[in-house]
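Take a look at the structure set out below.
Readers should treat all values here as calculations from the given coordinates under stated rules, not as data from a laboratory. Note that the structure is a prediction, hence the values are computed from the model and not measured. For neighbour counting, all protein chains shown are included, and Cβ atoms are generated from backbone atoms with ideal geometry for every residue, glycine included.
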Amino acid sequence: MPRNPRYLTGLLVAVLAGLGGCAGGSDRFPSLALRDFERVQGSFGGSDSPAGTLRPAPLGVSQIGEIARALAEARTRHQRFMDLAGPARASVATAAGTGPEDRRWALAQVEIAELDSRRSGTSALLADLDRLYADASLSFAERSQIEQAQAEVGAMLSKQDEVLDELLALLG
């Protein structure tokens with residue numbers, strides 16, 4: 001198949017023009033060589049300050065007050081729970097072995113529900129302390145007082161859980 005000489009001439013001119021652009025002077029385009037500011041200098045070592053100098057900020061007066069109020073309220077609620085646990089044990093003991101058709105069983109269930117409701121109130125105080133802990137973490141504040149309060153309220157809740165589990169097991 002014969003080739004068109006004009007086509008080949010046009011192709012040759014286009015290729016040569018393209019190569020001519022590559023071979024042109026470097027004054028029109030910036031060099032791709034590394035510049036001085038692109039060279040790595042120095043090192044990325046640690047801070048010059050001694051280790052451990054960053055300390056969390058102390059808790060504010062309002063946070064300390066919130067912790068104290070939550071602890072005082074948790075202690076009060078826990079004591080009310082424990083005061084109600086004694087009579088509830090007696091009711092559950094008399095209802096043990098009976099069923100839903102017996103009035104004593106229903107009364108025991110009501111007393112267990114009352115204790116469970118009281119436990120929920122204490123649990124809400126732990127949630128308040130958890131919120132305080134999260135806020136202190138985000139603001140890089142001291143959290144040890146909050147952790148101690150959380151541990152104390154958590155221990156109260158564990159004791160309340162034990163009582164509820166015991167009563168439910170006794171009731172059957």
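Tabulated data
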{"quantity": "Relative exposure of S123, S31, S117, judged by other C-beta atoms within 10 Å (fewest first)", "calculated": "S31, S117, S123"}
{"quantity": "Difference of contour (0.36 nm per residue) and Cα-Cα distance, R131 to T76", "calculated": "17.7 nm"}
{"quantity": "Among L54, L129, L157, residue whose mean-square fluctuation peaks in a GNM of the chain (springs only between Cα atoms under 10 Å)", "calculated": "L54"}
{"quantity": "Kirkwood Rh in Å, taken over region 61-171 so that all alpha-carbon pairs contribute", "calculated": "15.2"}
{"quantity": "Computed lengthening from A14 to R89, 0.36 nm per intervening residue step minus Cα-Cα distance", "calculated": "16.9 nm"}
{"quantity": "Residues E152, E162 arranged by fewest to most Cβ contacts within 10 Å", "calculated": "E162, E152"}
{"quantity": "For the chain, size of Cβ-based charge dipole, Lys and Arg +1, Asp and Glu -1, in debye", "calculated": "1060"}
{"quantity": "Taking the chain and dividing mean pair separation by its residue count, relative contact order in percent (alpha carbons under 8 Å, at least six apart)", "calculated": "27"}
{"quantity": "Farthest toward positive dipole pole in region 52-143 [+1 Lys/Arg, -1 Asp/Glu at C-beta], among A134, T98, G65", "calculated": "G65"}
{"quantity": "Per-residue [θ]222 nm for the chain (sum of -39500 (n - 2.57) over DSSP H runs n ≥ 4, rounded to 500)", "calculated": "-24500 deg cm²/dmol"}
